[in-house]
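Report on one structure; see the data block that follows.
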Amino acid sequence: MQKTSQNVYDYLYQKEGQAPWTFEEPPEELAKLVESGMIKSCKTLDVGCGEGYISTYLASKGFDVTGIDISSNAINLAKKHAAKRGVKCKFMQMEWKQLSKIKDKFDFILDWRFLHEVANDKEREVYVNLVSNLLKRRGTYLSVAFSGEFKKWGKGKLRKSPIGTILCLPHNRDLEKLFAEDFDIIKKSMIKLQQKDLPGGVTSYFFLMEKRN
Ligand SMILES: C[S@@+](CC[C@H](N)C(=O)[O-])C[C@H]1O[C@@H](n2cnc3c(N)ncnc32)[C@H](O)[C@@H]1O
């Protein structure tokens, strides 16, 4: 079988909790934004939602969440986790390139450890444009993904992940340029994303933004 992103992820999501990035508890940087009221419950899109734990956390706080992921196994697990937590979310198997099919507009879009999956520069521009089109004016965009400051998996911008996918690990200046056209940056920082098989975590960037128009 050809090794596509979809079947790499479907393989990993055959069993719940198997993916090294899946954690039931929300990441503390996100929980802080929600618990402090900096991001209030609103209509939300979670891109690359995986097993849906972030979506279901937000739903438990009153957010109206749609989650999309390329992997149908991930979406099935996300639905199961929402039922287990007694929350309602809308989960759809969808590749990011199909985002234009969504007719709703959102107040908040997050892609938590997802943007590095879009390895091609032109495609990253298309992706950010789709996100912008789906956001309401002054909507919030939170993008958290791996950074070029991370010292493993090779060198340079394109790296091969342990699961064989090609990831884009850019520098912050590249990201600022990518986001600059449509977004004002409210907060940016470097964080370590937890990963079960990497004790030090993965050096990542955190961009909290507001859509300009
Ligand atoms: C590193 S995981 C992060 C999952 C989740 N956000 C989390 O933090 O647990 C990246 C996710 O992006 C999904 N993904 C990869 N390529 C995709 C694509 N082209 N379109 C939509 N989702 C994709 C994968 O299936 C995977 O669930």
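Taken together, the values in this text are just the output of simple stated rules run on the coordinates, not laboratory data. The model shown is predicted, which means the values in this text are computed figures rather than measured ones. Because the Cβ atoms are built from the backbone with ideal geometry, glycine has one as well, and the counts that use them run over all protein chains shown.
Numbers below:
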item	result
Identity of the residue in the range 131-157, within 30 Å of PRO199 (Cβ to Cβ) and charged (D, E, K, R), that ends up nearest to the ligand (Cβ to nearest atom)	LYS152
Enumeration of residues in the range 49-62 that are in a loop (DSSP other than H, G, I, E, B) and buried (at least 23 other Cβ atoms within 10 Å of the Cβ)	CYS49, GLY50, GLU51, GLY52
Enumeration of residues in the range 64-94 that are within 15 Å of the ligand (Cβ to nearest atom) and not in a helix (DSSP H, G or I)	VAL65, THR66, GLY67, ILE68, ASP69, ILE70, SER71, CYS89, PHE91, MET92, GLN93, MET94
Residues of the range 116-130 that turn out to be more than 20 Å from LYS211 (Cα to Cα), in a helix (DSSP H, G or I) and within 12 Å of the ligand (Cβ to nearest atom), as a count	2
Of all residues making up the range 35-48, the number that are in a loop (DSSP other than H, G, I, E, B) and surrounded by 16 or more Cβ atoms within 10 Å (Cβ to Cβ)	4
Selected residue (criterion: surrounded by the fewest Cβ atoms within 10 Å (Cβ to Cβ)) from residues of the range 104-115 that are outside any loop (DSSP other than H, G, I, E, B) and near the ligand (Cβ under 8 Å from one of its atoms)	ASP111
Residues being of a type in the set (Lys, Arg), free of Cβ contacts under 8 Å to residues at least 12 places away in the same chain and closer than 23 Å to ARG137 by Cα - total across the range 1-60	1
Search result, residues across the range 13-34 that are outside any loop (DSSP other than H, G, I, E, B) and either within 11 Å of the ligand (Cβ to nearest atom) or among the charged types (D, E, K, R) (or both)	GLU28, GLU29, LEU30, LYS32
